[in-house]
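The next block holds one structure in the form of structure tokens; read it before the comments.
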Amino acid sequence: TQLLEQSPQFLSIQEGENLTVYCNSSSVFSSLQWYRQEPGEGPVLLVTVVTGGEVKKLKRLTFQFGDARKDSSLHITAAQPGDTGLYLCAGVSYTGNQFYFGTGTSLTVIP
Amino acid sequence: GAGVSQSPRYKVAKRGQDVALRCDPISGHVSLFWYQQALGQGPEFLTYFQNEAQLDKSGLPSDRFFAERPEGSVSTLKIQRTQQEDSAVYLCASSLRPVTAANTGELFFGEGSRLTVL
């Protein structure tokens, strides 16, 4: 059972296009993280958002944490082939020691 | 090494065999997690250790799965009597501090152990 649902599950776009990935839950999280995973490797942390409504920018990536601390989004501007990978949101719930990951969004950017 | 190391990278087992997967976390890291990941999906939580204490094992799919971290460093995930549905990548991650809701920290992952059960 995964508490964090991501959409879309798969995304294939042309280089230069913009995209948004969503991470939703019915549970409240104290913070949410976004990771990116490439084939054959483990996930690598991109960002942590800790305040409801917070927006963080990392070059062409913009991350937002929902006001109610139940959801988050990742927006990529002018996608590049190097952005290709599996994007994962993650968080620790208030109720336990379980560090949950989302269902994942597989992004392919076509040159 | 400086990162999380997992072995073996690949394991093929016949149905019914026992397997053991090893994780060497980053030295000094208190927290250690095991995850199971199907192709193209997000990792699913299996178990969490804080030093040698297994604080949560609610994600282990059945009593055929067992994990230990006896000295608070290296951890082993053991799967007994493997079945085809156990085929997956098993990821290990460590974090410097205890993971709590108030202090998420960063997880550092190994490259995973890919298990194929025939």
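The values are calculated or read from the model by the stated rules, or taken from the named source; none is laboratory data. The structure displayed is predicted, hence computed values, not measured ones. No Cβ is skipped: glycine too gets one built from the backbone with ideal geometry, and neighbour counts run over all protein chains shown.
When A:Q64, A:Q80 are checked against the criterion of being more than 14 Å from chain B (Cβ to nearest Cβ), farther than 23 Å from B:L91 by Cα, under 10 Å from the mean Cα position of the chain (by Cα) and not aromatic (F, W, Y), A:Q64 stands alone in meeting it. Criterion applied to B:D86, B:D56 was being in contact with a Gly (Cβ under 8 Å, 6 or more places away or on another chain) and of a type in the set (D, E, K, R), and the one residue passing it is B:D56. If you go through the stretch B:88-118 and keep only what is surrounded by fewer than 19 Cβ atoms within 10 Å (Cβ to Cβ), in contact with a Lys or Arg (Cβ under 9 Å, 6 or more places away or on another chain) and not in a strand (DSSP E or B), you end up with B:E111, B:L118.
Contact map, the stretch A:60-89: residues that are touching a residue at least 60 places away in the same chain (Cβ under 8 Å) paired with residues that are among the acidic types (D, E) and assigned to a loop (DSSP other than H, G, I, E, B), Cβ distance under 7 Å, separation 6+ or inter-chain. Pairs shown: A:A79/A:E15; A:A79/A:E17; A:Q80/A:E15; A:P81/A:E15. Per the conditions (1) among the small types (G, A, S); (2) at pLDDT 95 or above; (3) touching a Leu at 6+ places or on another chain (Cβ under 7 Å), the sole criterion not satisfied by A:S27 is (2). Can you tell me which residue is surrounded by the most Cβ atoms within 10 Å (Cβ to Cβ) among those in the stretch A:38-53 that are in a loop (DSSP other than H, G, I, E, B) and within 14 Å of another protein chain (Cβ to nearest Cβ)? Going through the qualifying residues, I end up with A:P43.
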